[in-house]
């Protein structure tokens, strides 16, 4: 999951640096991925950090994905409603870091995206 470290950095007060790092990383990885075919950038699932910050990081990632030549597909946005919801359901231990069950659920969503993309 990209972006969670940048959210933490932004919470520490260095929003511009967090956005710069995320943009640079996604653009670089997207360009490398494009060499071998198509690519899709998938933002992380909801967590217990401020929703305004999560949306900001997601917007930065969407712009970076397009700059790198990739699609941006938030397929994990519906796997759980919030970090607290994910804790209650046993999908994360702390609202941010997935458990085995959380990774399994996210993997299913990403697998559907890959399979859907192959059919095009």
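Here is the figure for region 58-74: residues that are free of Cβ contacts under 8 Å to residues at least 40 places away in the same chain and closer than 24 Å to residue 89 by Cβ total 1.
Does residue 22 satisfy the criteria of being surrounded by fewer than 16 Cβ atoms within 10 Å (Cβ to Cβ) and out of contact with any strand residue (DSSP E or B) (no Cβ under 9 Å at 6 or more places or on another chain)? Against the criterion (surrounded by fewer than 16 Cβ atoms within 10 Å (Cβ to Cβ) and out of contact with any strand residue (DSSP E or B) (no Cβ under 9 Å at 6 or more places or on another chain)), residue 22 does not qualify. With the structure loaded, tell me whether residue 59 is surrounded by fewer than 15 Cβ atoms within 10 Å (Cβ to Cβ) and on the phi < 0 side of the Ramachandran plot or whether it fails that test. When the stated conditions are applied, residue 59 passes them.
Per-residue answers, yes or no, for (1) closer than 29 Å to residue 16 by Cα; (2) over 14 Å from the mean Cα position of the chain (by Cα); (3) free of Cβ contacts under 8 Å to residues at least 12 places away in the same chain; (4) assigned to a helix (DSSP H, G or I):
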residue: 33; (1), (2), (3), (4): yes, yes, no, yes
residue: 43; (1), (2), (3), (4): yes, no, no, no
residue: 46; (1), (2), (3), (4): yes, no, no, no
residue: 56; (1), (2), (3), (4): yes, no, no, yes
residue: 76; (1), (2), (3), (4): yes, no, no, yes
residue: 81; (1), (2), (3), (4): yes, yes, no, no
residue: 96; (1), (2), (3), (4): yes, no, no, no
residue: 109; (1), (2), (3), (4): no, no, no, yes
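Every read-out reported here was derived from the displayed coordinates using simple, explicitly stated rules and does not represent laboratory data. Quick caveat, the model's predicted, so the values are computed rather than measured. Methodologically, a virtual Cβ is constructed for each residue, glycine included, from the backbone with ideal geometry; neighbour enumeration extends over all protein chains shown.
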